[in-house]
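Just passing along the structure, written as structure tokens.
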Amino acid sequence: MLILNFAHPLTEPQIAKIAALAGQAVDEVRTIPAQLDLEAPFAPQAAALADAAGLSPEAWQTTPLVVALPSLNYATAALLAEMHGRMGYFPPVVRLRPIEGAIPPRFEVAEVLDLQAIRARARTRR
């Protein structure tokens, strides 16, 4: 499985937890810097972020992957839309949470959100 990391660097324990939650070994972590220009339109920047992942059109549709999203909400929304267009479905995403009392602040993997399953369940509430 490939982790596309648009967030802070992931630690070995975080990567191991992602693998355990996803039920798949992690073959590679690609860290893509996600500093966006707040004065420029986000759609082209989201496309550039997706391009920076270095996946072919075929790989976007066939590679098992999990995504660690950028923390800026607008960037995340645009990137998810871009990725959905390339993949044909919403990717699973990592949710981190702070470790209580950790000094300096540290984060642990809380869950891997299956966005496609969330979408499918939401469709039943139309």
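The values are calculated or read from the model by the stated rules, or taken from the named source; none is laboratory data. Everything numeric here is computed off the predicted structure, so don't read it as measured data. Neighbour counts run over all protein chains shown; Cβ positions are idealised from the backbone, glycine included.
Test of understanding: among LEU65, LEU4, LEU38, LEU49, which residue is more than 16 Å from ASP114 (Cα to Cα) and surrounded by 18 or more Cβ atoms within 10 Å (Cβ to Cβ)?
Result: LEU49 is the single residue among LEU65, LEU4, LEU38, LEU49 that is more than 16 Å from ASP114 (Cα to Cα) and surrounded by 18 or more Cβ atoms within 10 Å (Cβ to Cβ).
I'd like to know if region 30-49 contains one or more residues that are closer than 25 Å to PHE107 by Cβ and among the charged types (D, E, K, R).
Yes, because at least one residue in region 30-49 is closer than 25 Å to PHE107 by Cβ and among the charged types (D, E, K, R).
Hey, another quick one. Which ones in region 59-90 are under 19 Å from GLN24 (Cα atoms) and touching a residue at least 60 places away in the same chain (Cβ under 8 Å)?
Correct list: THR63, PRO64, LEU65, VAL66, VAL67, ALA68.
What residue, among those in region 53-62 that are out of contact with any Phe, Trp or Tyr (no Cβ under 9 Å at 6 or more places or on another chain) and among the small types (Gly, Ala, Ser), is nearest to ALA117 (Cα to Cα)?
Once the filter is applied, the top-ranked residue is ALA59.
Now, a different point. Take the residues in region 23-69 that are among the hydroxyl-bearing types (Ser, Thr, Tyr) and in a loop (DSSP other than H, G, I, E, B), then tell me which one is nearest to ARG97 (Cα to Cα).
THR63
Being at pLDDT 95 or above and out of contact with any strand residue (DSSP E or B) (no Cβ under 6 Å at 6 or more places or on another chain) narrows it down to one residue among ALA59, ALA68; which is it?
Just a single option satisfies the conditions, and that option is ALA59.
One residue is enough: does region 107-123 have a residue meeting the conditions surrounded by 14 or more Cβ atoms within 10 Å (Cβ to Cβ) and part of a loop (DSSP other than H, G, I, E, B)?
No, region 107-123 contains no residue that is surrounded by 14 or more Cβ atoms within 10 Å (Cβ to Cβ) and part of a loop (DSSP other than H, G, I, E, B).
Would a scan of region 70-81 turn up a residue that is loosely packed, with under 15 Cβ neighbours inside 10 Å and in a strand (DSSP E or B)?
There is no residue in region 70-81 that is loosely packed, with under 15 Cβ neighbours inside 10 Å and in a strand (DSSP E or B).
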